[in-house]
1. Roughly how far apart, in whole Å, are the Cα centres of the range A:157-227 and the range B:1-71?
2. Post the alpha-carbon centroid distance, the range B:104-118 to the range A:285-361, in whole angstrom.
3. Kindly provide the Kirkwood hydrodynamic radius of chain A in Å, to one decimal, from all pairs of distinct alpha carbon atoms.
4. How far is it, in nm, from the label point at A:ARG152 to the one at A:LYS300 when both lie 7 Å from their Cα along the line to the Cβ?
5. I'd like the per residue volume of the convex hull spanned by the Cα atoms of the range A:184-243, given in cubic angstrom.
6. Quick one: angle between helix A:259-296 and the longest Cα principal axis of chain A, in degrees between 0 and 90, rounded to 10, please.
7. From other protein chains only, count the Cβ atoms within 10 Å of every residue's Cβ in B:129-136, then give the mean.
8. What is the percent of Cα-Cα separations in the range A:107-201 that go past 19 Å?
Amino acid sequence: MIDFEIPTPIKRQVQFITMLGEQVMRPVARYYDEHESERPWDYINLIWPTIRDRGGRSFSVEDGTEKTDKEGKPRPRIGYLMLAHVVEALSWGDAGLYLCTPGGALGGAAVDATGTPEQKERFLKRFGEGEPKWAAMAMTEPHAGSDTAAIRTTARLSEDGKEWILNGEKIFVTGGLMAAKESRGFVVVWATVDPSAGRAGMKPFVVEAGTPGMTVTKLEHKHGIRVSDTAAIVFNDCRIPYDNILGSPEVVKGDTEHKGFKGAMKTFDATRPLVAASALGIARASLEFTVSYLKDRGVKVRYGVAPHLQTAVERDLIHMEMQHRAGWLLVLKAVTKMDAGQENALEASMAKVKAGQVATYVSQKAVELLGPEGYSCKLLVEKWMRDARINDIYEGTGQINRLIVARRLLGYTSRELR
Amino acid sequence: MISFTPSEEQQLIIDTVRRYASDRMRPAAYEADEKRTIPQDIIARGWDLGLLPSAIPEQYGGFGETHQALTGVLAAEELGYGDLSMALYLMTPNLFAIPILHYGTEEQKQKWLPRLVEGGFAPYTAALIEPRWSFDPHALHTVAEREGNVYEISGHKALVPLAADAQAFLVYAREGETTQAFIIERGTEGLAVLERESFMGIRALPTYELRLDDVHVPASCRLGGEQGIDIDHLMNYSRVALAALAVGVARGAFEYARDYAKQREAFGKPIAQNQSIAFMLAEMAIEVEAARLMTYEAAWHIDKEHNAVQQAALAKAYADEMALMVTDRAVQILGGHGYIREHPVERWLRNGRGFSTFLGLAMV
Ligand SMILES: Cc1cc2nc3c(=O)[nH]c(=O)nc-3n(C[C@H](O)[C@H](O)[C@H](O)COP(=O)(O)OP(=O)(O)OC[C@H]3O[C@@H](n4cnc5c(N)ncnc54)[C@H](O)[C@@H]3O)c2cc1C
Ligand SMILES: Cc1cc2nc3c(=O)[nH]c(=O)nc-3n(C[C@H](O)[C@H](O)[C@H](O)COP(=O)(O)OP(=O)(O)OC[C@H]3O[C@@H](n4cnc5c(N)ncnc54)[C@H](O)[C@@H]3O)c2cc1C
């Protein structure tokens, strides 16, 4: 039955994170925006125990066990619904700090989507114990961004067949420094085992932090989300164990079809709605702040008022609010399908397209509406605008996600519609 | 627990109305628009779906289920997908019945509801909109003044569907600072149905201007008796109805443009294989879906008896904009053929443009 009631545990979690956002994240948000490469240890140390106790699976599905309610009836899974709310609320606090949250992040999601049960255990266990750790995912290369099939990083087997040898350069790796160098984490690296095979040759490999041959060569200086490190990582005859190829090794030996590219896409089905959620957390921060700032100064929003009586500001605020809500409902639909174990690639990309656009629009409009105050670094509104902008770019640009949506709607392959 | 999946019963309603929309409404829509008339058997069949009776309790002649805005919007989307003129025609009795159901005194409900639902389709209607650019349901120019036990009502209304045949009207008027509604029977002195109107869209729906010159009605005709009505609450049922109809119209336009773009070739390939067409289609689908979810959510709030003005107003504003954008793009995707009336997209654009004007013209 169509229903919009959010489960109580999620509401409680959001309340808790909102408090965290107000009391811990926002007070330091400006500082870290201005100190680009500093690690936000205050935030990290505060959040790590919570993440660790949840098994560090901050970006992953609930475990497969059936959950039951008080009467012993099977309870619907809410793992992704919860996660979307958590990500949204943390991003409402501060999107840059949210991206510094220790745990599996995109790397964990890739392991989750493509790893064997043994690999999941081996690679993800660390996030439930000890000191904070990070994982990252490295797909993008200097000459291959949207066109992921064009990556050139190679993985070849050593002569004895016991190791993979990686060579290539990855850029724009979120959390790359923390995952590759400054914690006992790992990087999931997409590389090709057969450059002539295109997509079919692409495979994900787990490279443990500190593996010789893996070097962080650069940290980017960015428009927004500055506290989050964005690293370039070079692989130079980097040797990793044979078993670190994600998925069943047999698949590699036998056919080089399937798994690779599909694995990447499956990861995105899970992560795109969460990027959308992050975008909308920033949008909500911008919108709520603008509404309350204006309200304190006597500008109210009236709903259901005749159009000719609306002020221009009211019209803008209502427009921002409805756009935001539309985006959020698309996210909720995408994660609800994910939780139900249904195919959600279409919904995931729809949500990502809309949220990327909405976050950009709402946060930019907020700066406009607040005039010199909005443009000023006295407030966080200008920062939110810069932070929001990334969401229409990473995890598939707006255009790439439109392509995905269009192909699904039209029944076209990537060759027919490129 | 949050869910976007209709219940079995809801799905049954969707499927039934969709079948009627596809088999009956759509094939007849072109001619209805051209000739400005709707075949009566289509209306009769639509009435047989039992949408209004199922919202009216048994004691008033209905099927005894509770009135649910959510059920209403699910059906309305399908009707809008069929044809907007026909949908508004079929839903016209709602304009009379739903306010009475929610605000009528016991006597008013007993008197009117059975007449609305027990027989075949019966043209009862309502008059809210007024013929001026600054129309505002909170500040109507139609005025009701009480003199002892009688109300004196004067004013000018527009877009009153089926007024020529209506057996009774629910007329909205300003009384002091509030908007109230009055049940006025056909033939009451001072009530004049003017010429049929002509608009750019919804051309198959007969609508009329209405003049009220010192119309006298007993105080018992005031909807809700002494209590009266809450126009904002009542308008929520209209906001979500129109939003759902807009979603239906837009969905039709999207599907038509998508199918056309796949088979129309230019420069040696289907035009859908150009990003500029494909991206428009992607955005159309996203907007239709977003507006649908906003509508569901607003209807859900109404059914939960929350103050849903905010959600309903947002859903309607969103759907108004969406319907225009989607139908307009459908015309563009068909190119010159989109401009020709043999293809339905130009009609959908004419219809879609109306949603920002239609407040009060439909209710679920
Ligand atoms: C801060 C930040 C963090 C990031 N984090 C990660 C990470 O953790 N891991 C990772 O692997 N990557 C990451 N990225 C990389 C990100 O995913 C890419 O930047 C993105 O996919 C776009 O690739 P590109 O920058 O090479 O742009 P290009 O692919 O060069 O695209 C340029 C423009 O062309 C458009 N375009 C490209 N192809 C088409 C097409 N077929 N049709 C229409 N338009 C097209 C694009 O939409 C874009 O507007 C990150 C990037 C940034 C900026
Ligand atoms: C009222 C009216 C009067 C007209 N008068 C004349 C006249 O006097 N003389 C005359 O010769 N013609 C006339 N035309 C025809 C008019 O010029 C064409 O309709 C117009 O050129 C579009 O062609 P089409 O309708 O075949 O659309 P298509 O070519 O089928 O295009 C359909 C859609 O696909 C898009 N499209 C096509 N190719 C591409 C591409 N490569 N990339 C991206 N998008 C693409 C188009 O922009 C359009 O949105 C008239 C048309 C109308 C409606």
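The values are calculated or read from the model by the stated rules, or taken from the named source; none is laboratory data. The shown structure was predicted, so the numbers you read here are calculated from the model rather than taken from an experiment. Neighbour counts are summed over all protein chains in view; Cβ atoms, including those assigned to glycine, are modelled from backbone coordinates with ideal geometry. Surface accessibility is based on the protein's heavy atoms, side chains included, excluding ligands, DNA and RNA. Shrake-Rupley method; radii C 1.70, N 1.55, O 1.52, S 1.80 Å.
1. What the calculation gives is 57 Å, centre to centre.
2. Taking the Cα centre of each part, the range B:104-118 and the range A:285-361 sit 41 Å apart.
3. About 22.1 Å for chain A.
4. Those two pseudo-labels are separated by 6.3 nm.
5. 123
6. Here the helix axis deviates by roughly 20 degrees.
7. 2
8. 49
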